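Have a look at the structure below, then the notes.
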Amino acid sequence: MKTLNFAIIGCGGVTLQNHLPGLALCPDTKLIALCDSDPITVKKARQVTGAAVSSTRYEDIVTRHDVHAVIVATPNFTHMPIALAAIAHGKHVLCEKPLALNAADARAMATAADQAGVRHMTAFTYRFVPAMRYLRHLVARGDLGQPRHYRSCRLQDWGTRPLGWRQVKQLAGTGELGDMLSHRIDFAHLLVGPMQRLVASLKNLTPLRGNQPNDTDDWVGILAEFRCSATGVLESSKLASGHNESWRSLDLVEINGSDRSFVFTTGAWNELQTGKAGGPGMERIPVPAEFWRWPGSPRDPHAGDPLVTFRYDQIWEFVDAIRSQRPCDSTFHDGARVQTVTDAAVQSAERHAWVDC
């Protein structure tokens, strides 16, 4: 097919920030349908995008013969039924993370997509930061040596403002764990490999947000052991006063190996820190220009804010995988692997014990 027709289900902030600009990058793609359970939201989105079709029912959208691919950007508890419905009608699916509310559901989504022969992608957007792409390349090349330690720290200052469905466990599954730490668990899988076991703690320090009950975690900490024998320490918080939000806040990953160490921060999109074993200390190294955008992406890396625009390459990768008939870089299987760790972390926090992954 020359033109890929897209539908977006869920017309909130992430759609406006990431998905619409990403689609605008891709030639021979067209947004033809929108869906949101809130009629006002979908009406505003249609006015902005000019999409020909809109509905408040995803069933009206995924059954359309003129829709080839679907982006699911809805509340977490709806991901599975929407994605499965789209897959059943032969649609390629990009779904926001966390992929599902538990690992069993996430694996079922991956299996259904494989059996249907459609492309499937989990939106682990931070894979597309140029510095993370370069770090992934260096580790795969063997520059690290044998992995020994992995650590990540994600600190934001969200205060006690209301978060809507995100502060309801039944709708979100988890709070900070699934929202922000899921990306850093994915990093760990990319750089080190699967985890063997972990012990975790989750804290809810804001039982009220916006005068409404909140039963999700604001902070999470994980101590992990990887199958390769490396250790891991992962922390993420919504309540780190003074750290601001999004790309303006602390987002750090460090990996120590037998030959050298590397440090990545999202804010320093075009550089890494590294130091060799026995060396004098850490030094800054630039990210080569070839890593500033995803392979084949027409995005101009010099245009716009690079701490925002890297996100647009995610849609390019999805579209290119569809056209090339190859797996996406981040499939539903990757989302299921992260969800397996998430489930283990919840179980560990409840049992106050180590849990196998």
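Just one of the listed residues (Ser246, Ser229, Ser236, Ser201) is free of Cβ contacts under 8 Å to residues at least 12 places away in the same chain and either among the polar types (S, T, N, Q) or within 25 Å of Pro130 (Cα to Cα) (or both), and it is Ser229.
In summary, Pro21 fulfils each of the numbered conditions (1) in a loop (DSSP other than H, G, I, E, B); (2) surrounded by fewer than 23 Cβ atoms within 10 Å (Cβ to Cβ) with the single exception of condition (1). Would you say Arg293 is in contact with a Phe, Trp or Tyr (Cβ under 9 Å, 6 or more places away or on another chain), at pLDDT 95 or above, buried (at least 18 other Cβ atoms within 10 Å of the Cβ) and not in a helix (DSSP H, G or I)? Taking the combined requirement at face value, the residue satisfies it. Take the residues of region 311-346 that are exposed (fewer than 15 other Cβ atoms within 10 Å of the Cβ) and polar (S, T, N, Q): which is nearest to His120 (Cα to Cα)? Per the stated criteria, the residue is Gln325.
With respect to the stated conditions, Gln167 fails to be surrounded by fewer than 17 Cβ atoms within 10 Å (Cβ to Cβ) and more than 16 Å from Glu235 (Cα to Cα).
Selection of first residues in region 342-357 that are under 16 Å from Lys203 (Cα atoms) and of second residues that are in a loop (DSSP other than H, G, I, E, B) and of a type outside the set (S, T, N, Q), restricted to Cβ pairs under 8 Å at least 6 apart or on distinct chains, gives the following pairs, ordered by first then second residue: Thr342/Pro98; Thr342/Gly173; Ala344/Cys357; Ser348/Trp354. Would you be able to say whether some residue in region 29-48 is assigned to a loop (DSSP other than H, G, I, E, B), within 21 Å of Tyr312 (Cβ to Cβ) and touching a residue at least 12 places away in the same chain (Cβ under 8 Å)? No: region 29-48 contains no residue that is assigned to a loop (DSSP other than H, G, I, E, B), within 21 Å of Tyr312 (Cβ to Cβ) and touching a residue at least 12 places away in the same chain (Cβ under 8 Å). The residue pairs whose first member lies in region 299-324 and is free of Cβ contacts under 8 Å to residues at least 40 places away in the same chain, whose second member is part of a helix (DSSP H, G or I), and whose beta carbons are closer than 9 Å, counting only pairs six or more residues apart or on different chains, are Asp300/Thr309; Ala303/Thr309; Gly304/Pro21; Gly304/Tyr312; Asp305/Trp247.
Looking only at region 302-310, decide whether some residue is surrounded by 20 or more Cβ atoms within 10 Å (Cβ to Cβ), out of contact with any Lys or Arg (no Cβ under 6 Å at 6 or more places or on another chain) and assigned to a helix (DSSP H, G or I). Checked region 302-310: at least one residue is surrounded by 20 or more Cβ atoms within 10 Å (Cβ to Cβ), out of contact with any Lys or Arg (no Cβ under 6 Å at 6 or more places or on another chain) and assigned to a helix (DSSP H, G or I).
The values are calculated or read from the model by the stated rules, or taken from the named source; none is laboratory data. Values in this document were obtained by computation on a predicted structure and should not be read as measured data. Here Cβ is always computed from backbone atoms with ideal geometry, including for glycine, and neighbour counts include all displayed protein chains.
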